[in-house]
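Below is one structure, written out as structure tokens, with a few remarks after it.
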Amino acid sequence: MKTKNIKGQYSVLEYVFLSLFIIAIIIGLMFFLTIWSSIQFGAESMKTEWDRALWLGQYVQNIPLLVKETGMFDDGKLTALASMGPSKACEYLESLAGPDFFMELRILDGNETQINCTWQNYPDCNYWEFCKNTGKKKKKFYTLPVNVYRRIGFKLQETTTGRTDIGILKAGVY
Amino acid sequence: MITLFQLFKMIFGIIVAAFILYALLNYSGSYSVFQESGIKAKILNNFRETAQDVYYSGNAITYTDFSAYDFSGTRYEPLRNPPLIVSEAGEMDIWFPLFFVMGENVYIHRGSLDYKFWKFYFVEALPDMNIIFNPVDNTPDAWEIMQGIVELMPDTAGTERKIYFGLCDGDFYETNACGGKPCSRNDFLNAQSTFSATRFDKCTASLPQNSRLVVISSGCTQGYANSSICIIPSGSGVGNFYISGSPEKFIYRDSLDLLSAVLGGTEQDAFGKTQGEKFYEYKNRIFGERLKIASDITAKRSLLVTGRLNPDTESTDYYCRSVYISLEGITNQIKSLVSNRNYYTNTADQTNLKNLLEQAKLNYQELVNRGCEYQ
């Protein structure tokens, strides 16, 4: 009688454990699916940041405020913007492209020295930098080859003519 | 005879099964909503990327992904800072000038206003629609207004999209006005001279769905025509217009002022503000912000370049200097004018701005003609 009772209790326990095991598997599956979705979502937002960095690189090459034509920056416009001071220039650019943005442009003129373009030294310069934030790490950016139209390209005896240089644009997000 | 253990198994089984079923149904419901939101967010994100590509390239395209899900709750909020596309899947910011009207299939097209020293690019993302004009004042000024609006719209001839233009005369609306077929942009512009010979009565016809009625009449007042944009023609190019449902009288300076109101339409939000009014304000805000930067840069650049040109009166540079100096003065005036965020609410400012922009355009063209600047 006692052995039969114990056997009966084991059967009940077996049944309960089996049920709990099935429930645990289902909960585990739900947990896995939720984590998987979160990882996918995270990967998507990471991709979005890279997309934004790429977009910024393309965008600044296309806004007529800075360029002569698509893919060709105007050095006069860049220097005019830089001469407004870093905070105003950045304020202007952020109003166009959003926050946490930076851009640098270096002309490949064979000169190893990087010379920031200012009101005083224009056009004898080869570098512009906007929205520099020393407190933040440049997180995601693209480096793209671009053309730069130099309004004061050649100073001839009678006239001043333009020329086109090649430069490297670095644009991205902090 | 059923044993106690069998009874226990049955009751326990029912309880466990009910719990599992409930949990699974509940979870699968939430999961499918989550997945659908994710797909919708992706579709909206793809839309933004496509519109950005159009902004860069100027190549128009049809975006069809909105037809895959129900986006009826999605709305464009251009007056938020930055402008947002709001849906149940979340909010998405927009950093380039965009006039977006939701539809299953939208045609994305880039338009521009060219001031020579600066171009204002904007993107229109529009579903199939009919823009119906009712030129009660059949005058050259009225036709000029219509032409200005139509020129900024996309030409959908040869595509599957149907953005058409038509005319309404009293209770009659002509659907096939261009040689027995609906008028696409270029058809309408080409056929204008044949239309202008007609006398038009105030429109009372029932118009097809997705229509925008544009009334042009010197008699426009608030409530003159229902569900329409009512424009008072002006010889100077600066005038007034009304949007049904908005109590205000608006000022237009260029065709995009009118087009933005037309595209927005007369539908009101929960606060009673029409989408047309929002689009009009958005256009002027973003235009003002960008014009301020453009004029500031142009003024400084003119000064910068002038200082580097050969000052010798014998030099060809000499002819550039005076025009650059003039351009610098004009663009500085433009900058100070648009520094006031509400510049577009004052007729005198709008007239002044129109004149200054015209002068700046002429100055820049003069620089191009003299070989001092690029086109």
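The values are calculated or read from the model by the stated rules, or taken from the named source; none is laboratory data. What you see is a predicted model, and the numbers here were worked out from it, not measured in a lab. Neighbour counts are summed over all protein chains in view; Cβ atoms, including those assigned to glycine, are modelled from backbone coordinates with ideal geometry. In case anyone asks, the SASA skips ligands and DNA or RNA and just uses the protein heavy atoms, side chains included. Shrake-Rupley method; radii C 1.70, N 1.55, O 1.52, S 1.80 Å.
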*Which number in (1) free of Cβ contacts under 8 Å to residues at least 60 places away in the same chain; (2) crowded, with 23+ Cβ neighbours inside 10 Å marks the one condition that B:Asn134 misses?*
(1)
_strands (runs of 3 or more DSSP E) within the stretch A:70-161 that include 3 or more residues within 14 Å of another protein chain (Cβ to nearest Cβ) and open to solvent by less than 10 Å² (accessible area, probe 1.4 Å)_ = A:140-155
_B:Ile286 - would you say it is open to solvent by less than 40 Å² (accessible area, probe 1.4 Å) and part of a helix (DSSP H, G or I)?_
yes
*Just for the stretch B:172-212: of the residues that are closer than 14 Å to B:Ile132 by Cα and among the basic types (Lys, Arg), which one is most open to solvent (accessible area, probe 1.4 Å)?*
B:Lys202
*Filter the stretch B:34-66 down to residues that are among the polar types (S, T, N, Q) and part of a helix (DSSP H, G or I) and give me whichever is most open to solvent (accessible area, probe 1.4 Å).*
B:Gln35
*Which residues, taken from the stretch A:162-174, are within 16 Å of A:Leu93 (Cβ to Cβ) and either in a strand (DSSP E or B) or hydrophobic (A, V, I, L, M, F, W, C) (or both)?*
A:Leu169, A:Lys170, A:Ala171, A:Gly172, A:Val173
*Which of (1) farther than 25 Å from B:Ile286 by Cα; (2) surrounded by 15 or more Cβ atoms within 10 Å (Cβ to Cβ); (3) more than 14 Å from every other protein chain (Cβ to nearest Cβ) does B:Pro78 not meet, given it meets every other one?*
(1)
*Top-ranked residue of the stretch B:91-111 - restricted to ones that are within 11 Å of chain A (Cβ to nearest Cβ) and touching a residue at least 24 places away in the same chain (Cβ under 8 Å), ranked as surrounded by the most Cβ atoms within 10 Å (Cβ to Cβ)*: B:Pro97
*Determine, yes or no, whether B:Glu144 is away from chain A (no Cβ under 14 Å), of a type in the set (Asp, Glu) and out of contact with any helix residue (DSSP H, G or I) (no Cβ under 8 Å at 6 or more places or on another chain).*
yes
*Consider B:Gly29 against the criteria (1) within 11 Å of chain A (Cβ to nearest Cβ); (2) over 19 Å from the mean Cα position of the chain (by Cα); (3) open to solvent by less than 50 Å² (accessible area, probe 1.4 Å); (4) without any contact (Cβ under 8 Å) to a residue 12 or more places away in the chain: it satisfies all of them except one. Which criterion is unmet?*
(1)
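Yes/no per residue for (1) in the same structural domain as B:Arg253 (by TED's automatic domain parsing); (2) within 18 Å of the chain's Cα centre (by Cα); (3) in a helix (DSSP H, G or I):
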residue: B:Ser112; (1), (2), (3): no, yes, no
residue: B:Phe117; (1), (2), (3): no, no, no
residue: B:Phe122; (1), (2), (3): no, yes, no
residue: B:Asn138; (1), (2), (3): yes, no, no
residue: B:Gln147; (1), (2), (3): no, yes, yes
residue: B:Val150; (1), (2), (3): no, yes, yes
residue: B:Met153; (1), (2), (3): no, yes, no
*asked:* Would you confirm, using the coordinates I've provided, whether B:Ile20 is more than 12 Å from every other protein chain (Cβ to nearest Cβ), surrounded by 13 or more Cβ atoms within 10 Å (Cβ to Cβ) and either out of contact with any strand residue (DSSP E or B) (no Cβ under 8 Å at 6 or more places or on another chain) or of a type in the set (Val, Ile, Thr) (or both)?
replied: no
*Filtering the stretch A:17-58 down to residues that are closer than 30 Å to A:Leu93 by Cβ and of a type in the set (Ser, Thr, Tyr), which residue is surrounded by the most Cβ atoms within 10 Å (Cβ to Cβ)?*
A:Thr48
